[in-house]
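Only one structure is covered here, and it is reproduced in the block below.
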Amino acid sequence: MIAARLLSVPVFAAVLAGLWAPVRADDAACQAVLQAVLKQTAAPVHQKVTIESAAAPGQPMHNEMIRLGDTLYMQARGQWMARLYDAAKAAEDARQAMTKGEHSCTRVRSEAVDGQPAELYRVQSKTATGGSDTQIWISTSSGLPLRQTVAMLEQGTVKLKHEVRSDYTNVRAPAGVSR
């Protein structure tokens, strides 16, 4: 059920709803993260997602998503499916999601991801029932997210952890899957 919800829309837009709050123009770290997320909504990308919940510790779910043009391909439990994707709507959803909760953003350090130079940012947020602690690595050359880890908190306890690795090279639709 959790995987289905996370994979029903682009990962970053889905996660943003629980993570973000208003971005101030003077908050350079939050602006850098928002710009990377918005840029990704329009980029062809292949994402590998690992989700672990407190309800099933030690039993991570592994899923994949591929976005090409107006198509989002999602794989869960070995099954691929395709659905219509609207990059403009995904970007608007991400912007809207940034109006919820309190947060802080920090540039942590420069650090390579799979050999690619990146800047690591940390985003901590609070909601009425908990919040999240996110780390996002943004490519210094493309400005796109390369990796993201999120710990979703509820009353101080980690309820869900996920990691997303994004690849932007040679992105192709999965074989045999049509919309």
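Coordinate-derived values only; no laboratory data. All values reported here derive from a predicted model rather than from experimental measurement. Every residue, glycine as well, gets a Cβ built from its backbone with ideal geometry; the counts of neighbours run over all protein chains shown.
Data table
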quantity: Residue order, fewest to most beta carbons within 10 Å, for LEU144, LEU72; calculated: LEU144, LEU72
quantity: Least to most buried among SER110, SER166, SER178 (fewest other Cβ within 10 Å first); calculated: SER178, SER110, SER166
quantity: Pairwise FRET efficiency - ALA28 versus ASP133, Cβ, R0 = 35 Å, nearest 0.05; calculated: 0.95
quantity: Computed lengthening from THR169 to ALA54, 0.36 nm per intervening residue step minus Cα-Cα distance; calculated: 38.0 nm
quantity: Length added when fully stretched, LEU68-ARG109, from 0.36 nm per residue minus Cα-Cα; calculated: 11.6 nm
quantity: Cα pair distances in the range 59-132, grouped into 10 Å bins until the bin that holds the longest one, percent each; calculated: 14, 24, 43, 19
quantity: For the range 44-53, Karplus couplings with θ = phi - 60° (6.51, -1.76, 1.60), whole Hz, Gly/Pro x; calculated: x, 8, 10, 10, 10, 10, 10, 10, 10, 10
quantity: Residues TRP137, TRP80 arranged by fewest to most Cβ contacts within 10 Å; calculated: TRP80, TRP137
quantity: Loop sites in the range 41-117: GluC sites (Glu not before Pro), DSSP, at most 14 other Cβ within 10 Å; calculated: GLU111
quantity: Over 22 Å (Cα to Cα) - which of LYS89/LYS159; LYS48/LYS126; LYS48/LYS159; LYS126/LYS159; LYS89/LYS126 fall in this group; calculated: LYS89/LYS159; LYS48/LYS126; LYS89/LYS126
quantity: Anchor LYS161: aspartates and glutamates whose Cα lies under 18 Å away (excluding residues fewer than 8 positions away in-chain); calculated: GLU52, GLU64, ASP133
quantity: Residues whose placed amide H lies under 5 Å from that of TYR85, excluding near-sequence neighbours; calculated: THR71, LEU72
quantity: Cleavage-rule hits (trypsin sites (Lys or Arg not before Pro)) in the range 63-104: DSSP loop, at most 10 neighbouring Cβ within 10 angstrom; calculated: ARG77
